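> If you scroll down you'll find the structure; I have some questions about it.
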Amino acid sequence: MLKKMAAHIRRYNPYSMYAAKSELKGEVGNSYLTWLWWILDPVLFMLVYVFITVVVFKSQGRYLPVVVIIGLTVWNFFNKTVMVSVKIVNTFRGIVSKIYIPKYMLILEKLYVNAFKMAISFGIVAAFAAAYRIHPAVNLVGCIPVIFLILLITFACSILVAHFGVYINDLYNVVQVILRFMFYLSGVFYDVGDRLSQTTFFGLNVGRMMITVNPVAYVIDELRKIIIYGQPLRADMFLYWLIISVLLLFAGLKLMYRYENSYIKVV
């Protein structure tokens, strides 16, 4: 299954790359700020959430802007990619009805677009880290596998929602509600480990539980620990989520390969 996917990606990847570049150019084509908006957008959102965190929730933190921008960077990538994937087959029904292309290549195009924006946001993270005199540590290399993990888990989740989105008309609304709930449990504008470390639910540590059941919460928490505090990658949690990601990817590919020929009949 994975071998077949790799072969298809090699064959159809030029289309996904070209479509991603075209979409990015189209986004800035009619904007006065052009590409600068990709920098201003996460910074402005970061300022809003810092204001809410400090003024509304009365929270303080030495590296609060860096904490928030890391959370927003990861969340925006995951949220935007998954949401657009729910109706991806219906959106591109004109293409899939005329030529054969693996449907996950349409998702991959959106993933490329959002990954490019995430890379810009990580550049902003680096700028804020430098402003707060957070010195790069040797353990910073641990960010590479964690970023790979969020790419993988996002791709896997997107394939699953894309498949079921063909058959369930209201799935977009359901996924939107689930992701909104996940947002507040992912620690985007607060530290999950710090804020929920003393909270228990039926004898379970809520902070630990969030990192165990919510991949976005884990990735955000892990990146903060590595970037801000120079801690090493937690291999056990990384392997735990890597295995889950591969299993979800395998399940999504199996469903999509089995039923993709019937998609066009439904949409």
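> If I ask for residues that are in a helix (DSSP H, G or I) and under 18 Å from Lys98 (Cα atoms), which ones from the range 258-267 would you list?
If the condition is that a residue be in a helix (DSSP H, G or I) and under 18 Å from Lys98 (Cα atoms), then Tyr259, Glu260, Asn261, Ser262, Tyr263, Ile264, Lys265, Val266 are the ones that fit.
> Another question about this same structure. Residues being β-branched (Val, Ile, Thr) and not in a helix (DSSP H, G or I): count how many of those fall in the range 137-166.
0
> Say we look at the range 90-110 and pick out the residues that are free of Cβ contacts under 8 Å to residues at least 60 places away in the same chain and not in a helix (DSSP H, G or I); which of these is surrounded by the fewest Cβ atoms within 10 Å (Cβ to Cβ)?
Ile99
> If you go through the range 96-117 one residue at a time, do you hit one that is in contact with a Pro (Cβ under 6 Å, 6 or more places away or on another chain) and within 26 Å of Phe45 (Cα to Cα)?
no
> Given the conditions (1) under 19 Å from Gly252 (Cβ atoms); (2) touching a helix residue (DSSP H, G or I) at 6+ places or on another chain (Cβ under 6 Å); (3) at pLDDT 90 or above, and given that Phe148 satisfies all but one, which numbered condition is not satisfied?
Checking Phe148 against (1) under 19 Å from Gly252 (Cβ atoms); (2) touching a helix residue (DSSP H, G or I) at 6+ places or on another chain (Cβ under 6 Å); (3) at pLDDT 90 or above, the one that fails is (2).
> Taking the condition within 16 Å of the chain's Cα centre (by Cα), in contact (Cβ under 8 Å) with a residue 24 or more places away in the chain and either in a helix (DSSP H, G or I) or buried (at least 21 other Cβ atoms within 10 Å of the Cβ) (or both), does Leu72 pass?
When the stated conditions are applied, Leu72 passes them.
> Go through the range 186-232 residue by residue and tally those that are assigned to a loop (DSSP other than H, G, I, E, B), modelled with pLDDT of 70 or more and crowded, with 17+ Cβ neighbours inside 10 Å.
Summing the residues that are assigned to a loop (DSSP other than H, G, I, E, B), modelled with pLDDT of 70 or more and crowded, with 17+ Cβ neighbours inside 10 Å in the range 186-232 gives 8.
> So, one more: Please determine whether any residue of the range 114-128 is modelled with pLDDT of 90 or more, closer than 17 Å to His163 by Cβ and surrounded by 18 or more Cβ atoms within 10 Å (Cβ to Cβ).
no
> Also: Which number in (1) at pLDDT 80 or above; (2) surrounded by 17 or more Cβ atoms within 10 Å (Cβ to Cβ); (3) farther than 22 Å from Leu233 by Cα marks the one condition that Ala131 misses?
Just one mismatch for Ala131, condition (2).
> Filter the range 78-89 down to the residues that are over 23 Å from Leu149 (Cβ atoms) and surrounded by fewer than 23 Cβ atoms within 10 Å (Cβ to Cβ) and list them by number. Give the steps one after another, and end with the answer.
Going residue by residue through the range 78-89, those that are over 23 Å from Leu149 (Cβ atoms) are 87, 89.
Answer for the range 78-89, where residues must be over 23 Å from Leu149 (Cβ atoms) and surrounded by fewer than 23 Cβ atoms within 10 Å (Cβ to Cβ): just Lys87.
> I've got another one for you. Hey, can you tell me all the residues within the range 156-171 that are in contact with a Leu (Cβ under 6 Å, 6 or more places away or on another chain) and either farther than 16 Å from Glu260 by Cβ or aliphatic (A, V, I, L, M) (or both)?
Initial filter on the range 156-171 (in contact with a Leu (Cβ under 6 Å, 6 or more places away or on another chain)): 156, 163-165.
Scanning the range 156-171 gives a single hit, Ala156.
So that you can scan it fast, the table gives a plain yes or no per residue for (1) polar (S, T, N, Q); (2) at pLDDT below 80; (3) within 23 Å of Thr91 (Cβ to Cβ):
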site: Ser22; (1), (2), (3): yes, no, yes
site: Thr34; (1), (2), (3): yes, yes, no
site: Pro42; (1), (2), (3): no, yes, no
site: Val55; (1), (2), (3): no, yes, no
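The values are calculated or read from the model by the stated rules, or taken from the named source; none is laboratory data. This one's a predicted model, so the numbers in the text were calculated from it and none came from an experiment. Here the Cβ is made from the backbone with ideal geometry for all residues, glycine too, and neighbour counts use every protein chain on show.
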